[in-house]
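**Q** Okay, handing you the structure first.
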2 protein chains.
Amino acid sequence: MSASHTPSDQAMFHPLRSELETIEVLRALADPTRLEIVRILAAERSGELACGAFGLDASKQNLSHHFRVLREAGIIRSRDEGRNRYTSLRRADLEARFPGLLGAVLGKKALTRKP
Amino acid sequence: MSASHTPSDQAMFHPLRSELETIEVLRALADPTRLEIVRILAAERSGELACGAFGLDASKQNLSHHFRVLREAGIIRSRDEGRNRYTSLRRADLEARFPGLLGAVLGKKALTRKP
């Protein structure tokens, strides 16, 4: 995925692939809700998911916080389209910077499904 | 490494391999000092290191906390011998539960050195 930003997500910070930091990525993943978000995205065949479609038992504000932590760590990418915000896993960036990390954390099965 | 405890480390909690939890392991690794401890242990040819031999710039109390967090997450094993406490990386247990995690977090080079 390219690091360029479309006009619609200019307001949202996304670190470049080269800016991904081990500690920040680990911190972001070290939370049950955030790990579940990553797990859901990893299994999502279409590649991206509207933020309201995760079916997680958490308040909108709480989820908003978790999506931000994941985005700012470089784990997910978000983009706005109309009134929806779509989120995808930065799988290629993570694999390039931390080869094997997603597979190790999610289990191999979670990564066999690709869009 | 076996999960059995010698009399000298009975007072120290070490989770069994099967008890290692993704979130706890990630939380324990998501700290610069603790990641450095793991990095040093991964590069240690002898397999284990006395706690005073890490050469880290942190107070004894602070280091003690970090060693405990790593031990309780199942990342390191500690044993007392005389007045020294020796620490080793639970490499086999981590590799069995989270294949590729150490390599992904430390970088491949850190794992090519084996005792």
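The values are calculated or read from the model by the stated rules, or taken from the named source; none is laboratory data. Please read these numbers as outputs of a predicted model, since none were measured by experiment. Every residue, glycine as well, gets a Cβ built from its backbone with ideal geometry; the counts of neighbours run over all protein chains shown. These accessible areas exclude ligands, DNA and RNA; they are computed on the full protein's heavy atoms, side chains included. Shrake-Rupley method; radii C 1.70, N 1.55, O 1.52, S 1.80 Å.
**Q** Round to the nearest 10 and report in Å² the accessible area of A:His66, as given by a 1.4 Å probe over the protein chains' heavy atoms.
**A** 10
**Q** Relative to the isolated chain, which residues of the stretch A:25-39 have their accessible area cut by 20 Å² or more in the presence of all protein chains (1.4 Å probe, heavy atoms, no ligands or nucleic acids)?
**A** Residues of the stretch A:25-39 that lose at least 20 Å² of accessible area once the other chains are added: A:Leu26, A:Arg27, A:Ala30, A:Pro32, A:Leu35.
**Q** Continuing with the same structure: Quick one: the Cα spread of the stretch A:1-101 along its three principal axes, in angstroms, biggest first?
**A** Projected onto its principal axes, the Cα set of the stretch A:1-101 covers 32, 31, 25 Å.
**Q** List, shortest first and in nm to one decimal, how far the label point of A:Arg39 (7 Å from Cα along Cα→Cβ) is from its counterparts in the other copies.
**A** Here A:Arg39 shows inter-copy label distances of 3.0 nm.
**Q** List the residue from chain B whose beta-carbon is nearest to the axis that rotates chain B onto chain A, together with that distance in whole Å.
**A** Nearest residue, distance rounded to whole Å: B:Gly100, 2.
**Q** Sticking with this structure for a sec: In nm, what does the list of distances from A:Glu21 to its counterparts in the other copies look like, shortest first, when each label sits 7 Å along Cα to Cβ?
**A** So the label point of A:Glu21 gives 2.7 nm to the other copies.
**Q** Using a label point 7 angstrom from Cα along Cα-to-C-beta, what distances in nm, from shortest up, separate B:Ala50 from the other copies?
**A** Result for B:Ala50, in nm, nearest copy first: 6.4.
**Q** Then there's this: Simple spin-label model, 7 Å along Cα-to-Cβ: A:Ala96 to B:Arg39 in nm?
**A** Computed distance between label sites A:Ala96 and B:Arg39 equals 2.2 nm.
**Q** Now for a different question. With the crude spin-label approximation of a point 7 Å out along Cα→Cβ, what separation in nm comes out for A:Glu81 versus B:Arg68?
**A** 5.0
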